[in-house]
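Presented below is the structure to which this report refers.
The values are calculated or read from the model by the stated rules, or taken from the named source; none is laboratory data. Just so we're clear, the structure is a prediction, and the values are computed from it rather than from any experiment. So basically every Cβ, Gly included, is an ideal-geometry build from the backbone, and we count neighbours across all protein chains shown.
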Amino acid sequence: MNDICDFKCPDISLENILSRKYIEAVKIAYQFLMESSIEKLRKMVGKKLDFIPDFEQVDKMTFVESYQKPIKDDILAGYKLFKVTENKELQIDWTGGHYQLPLGYHYPIFDDLIIKARKLGIVDDTHNNTPGMPVKLLARELIKCANAYDDIGIDNIIKSEDRLNRVTSVDTGTVAASTGIKSILYRFRDLYKDKIPVFIMQEGNYHGTDFFEQRLRGMWEWLFANVIIEFVKPNDIDSLLSAFLKYENTPNEKVCTVMMEPVLMNNRAIYLQPDYVQKAKELCDQYDAVLFLDEIQTSMWSPKVFMSNEYGGVADVLAIGKGLTAGYSPLAYTICKSELDNQSQYSSISTNGNADMAALAGLIVLAIVKANSEHIEQVGNYYFSELENFQKSYPDKITEITGLRHLAGINLADESLASKFHHACLENGIFVRLQAYKEGASTIITKPPIIANFEDVDFVIDKFRKSIDSI
């Protein structure tokens with residue numbers, strides 16, 4: 001056989017791809033993070049680590065313009081709560097990456113198990129019709145977690161018509177939300193034929209980035225017909241009731257669903273109160289509508305894994321994602337009741353939806369979350385309480401603390417003050433996000449990893465105080 005036909009294995013290395021100087025910088029930064037004591041790291045937060053060697057940084061001019069931000073805070077290395085930027089500055093990441101790292105960076109037991117699994121030979125991915133053991137186990141584990149509000153066994157859950165007991169594996173939260181919406185619309189079309197579906201949405205919602213999900217938050221209105229979007233004020237039961245009554249006797253329209261995020265991280269981190277969510281469930285049952293809880297943000301940050309359990313298991317459909325694999329690989333799920341298991345095989349699918357290694361990552365994260373339920377609740381409550389005390393010390397600058405536990409918003413008096421506070425936090429080594437893409441935004445969004453402890457909270461709150469004092 002002619003050698004020219006053989007598949008070639010090129011002479012490549014990480015140094016060839018990433019550069020030797022970059023590899024050396026990552027190595028030294030990561031070793032420093034792993035080998036230094038917590039006390040030493042805290043003392044150096046906000047400082048530049050000049051012992052890390054220089055390397056040639058790459059700009060972002062090939063990114064779309066909206067992502068061409070300065071590279072100052074771009075990451076070089078990370079370990080648990082800490083990260084080193086490409087500018088060699090040490091920070092505490094108080095946002096869980098982009099809200100998807102419940103275990104922070106390179107959590108040791110997670111990394112160890114993933115490495116062992118790869119060496120064992122567990123595959124990265126396969127065809128959707130031929131899932132491996134991790135995918136099948138994760139589906140069962142998610143069903144158990146989605147029904148953790150009482151003690152019914154898995155066999156009874158699977159047989160029930162009123163339990164979350166069917167899963168669709170996809171790759172992103174956007175697809176998970178879209179999958180749930182499709183099931184709701186299939187049901188609506190089957191039951192109500194030519195009526196126009198009404199979606200009751202929370203003001204300031206965010207359920208993903210495809211066309212219809214963006215329509216649900218007020219975009220692309222010119223593109224869609226035969227759908228009505230009714231916005232209600234979060235936690236306003238009268239507003240919610242009025243939306244249902246508006247279409248109670250209309251001949252051509254009917255409410256098909258209420259969609260909710262337990263914490264609206266894109267709307268000042270507003271927490272939906274239990275009485276409001278339970279009233280939504282009551283109205284959905286009364287008017288034969290579906291209650292859809294979008295837990296892309298909140299899952300894995302709840303002591304009960306899903307906040308639906310904290311509401312008493314009210315959801316007819318759940319969407320989960322982000323934190324499920326601790327950043328290892330995109331993976332999301334739609335979990336629904338059997339009544340909503342109504343889509344054909346390829347109606348909602350992702351190429352890597354049945355990835356074994358990603359599913360294994362999900363199983364590891366779920367095991368860690370369940371083992372730390374008490375820690376998540378206690379530290380989360382302590383953090384939120386300390387934020388409230390922080391606000392009371394600066395009532396002229398901070399108007400309100402919103403959210404629940406780790407998922408918290410610090411609402412400043414105005415946009416200018418919020419921008420200055422955000423900048424001061426970064427200067428002091430605390431990486432938080434400013435909700436600045438909306439006009440007049442003045443909320444600092446925080447979502448620390450669930451591995452944070454009481455001492456971490458005290459340290460960050462002290463940094464917040466120093467930051468607010470400096471402006």
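Key figures for this structure:
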item: Filtered residues of the stretch 170-227 (kept if in contact with a His (Cβ under 7 Å, 6 or more places away or on another chain) and not in a loop (DSSP other than H, G, I, E, B)); result: 177, 213
item: The stretch 150-166 residues that are in contact (Cβ under 8 Å) with a residue 40 or more places away in the chain and of a type outside the set (Val, Ile, Thr), paired with ones that are exposed (fewer than 13 other Cβ atoms within 10 Å of the Cβ) and not in a loop (DSSP other than H, G, I, E, B) (beta carbon under 9 Å, 6 or more apart); result: 163/156; 165/159
item: Filter result for the condition that a residue is within 20 Å of residue 407 (Cβ to Cβ), among the aliphatic types (A, V, I, L, M) and modelled with pLDDT of 95 or more, over 357, 259; result: 259
item: Evaluation of residue 49 against (1) touching a residue at least 40 places away in the same chain (Cβ under 8 Å); (2) under 30 Å from the mean Cα position of the chain (by Cα) (one fails), failing number; result: (2)
item: Pair list, Cβ under 7 Å, 6 or more apart: the stretch 181-204 residue within 24 Å of residue 276 (Cα to Cα) and in the same structural domain as residue 293 (by TED's automatic domain parsing), other residue aromatic (Phe, Trp, Tyr) and surrounded by 18 or more Cβ atoms within 10 Å (Cβ to Cβ); result: 181/212; 184/292; 197/188; 198/247
item: Selection status of residue 376, in the same structural domain as residue 460 (by TED's automatic domain parsing), farther than 16 Å from residue 460 by Cα and within 21 Å of the chain's Cα centre (by Cα); result: yes
item: Residue under evaluation residue 379, criteria (1) modelled with pLDDT under 95; (2) at negative phi; (3) surrounded by 20 or more Cβ atoms within 10 Å (Cβ to Cβ); (4) not hydroxyl-bearing (Ser, Thr, Tyr), criterion not met; result: (1)
item: Among the candidates 398, 410, 450, residue that is within 23 Å of residue 365 (Cβ to Cβ), at pLDDT 95 or above, buried (at least 21 other Cβ atoms within 10 Å of the Cβ) and not hydroxyl-bearing (Ser, Thr, Tyr); result: 450
item: Among (1) out of contact with any strand residue (DSSP E or B) (no Cβ under 9 Å at 6 or more places or on another chain); (2) within 27 Å of residue 41 (Cβ to Cβ); (3) free of Cβ contacts under 8 Å to residues at least 24 places away in the same chain - the single one residue 416 does not satisfy; result: (2)
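To keep it simple, each residue is scored yes or no on (1) under 25 Å from the mean Cα position of the chain (by Cα); (2) not β-branched (Val, Ile, Thr).
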position	(1), (2)
181	yes, no
229	yes, no
236	yes, yes
249	no, yes
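For every residue, the table says whether it meets (1) over 17 Å from residue 123 (Cα atoms); (2) at pLDDT below 95; (3) β-branched (Val, Ile, Thr).
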position: 352; (1), (2), (3): no, yes, no
position: 361; (1), (2), (3): no, no, no
position: 368; (1), (2), (3): yes, no, yes
position: 387; (1), (2), (3): yes, no, no
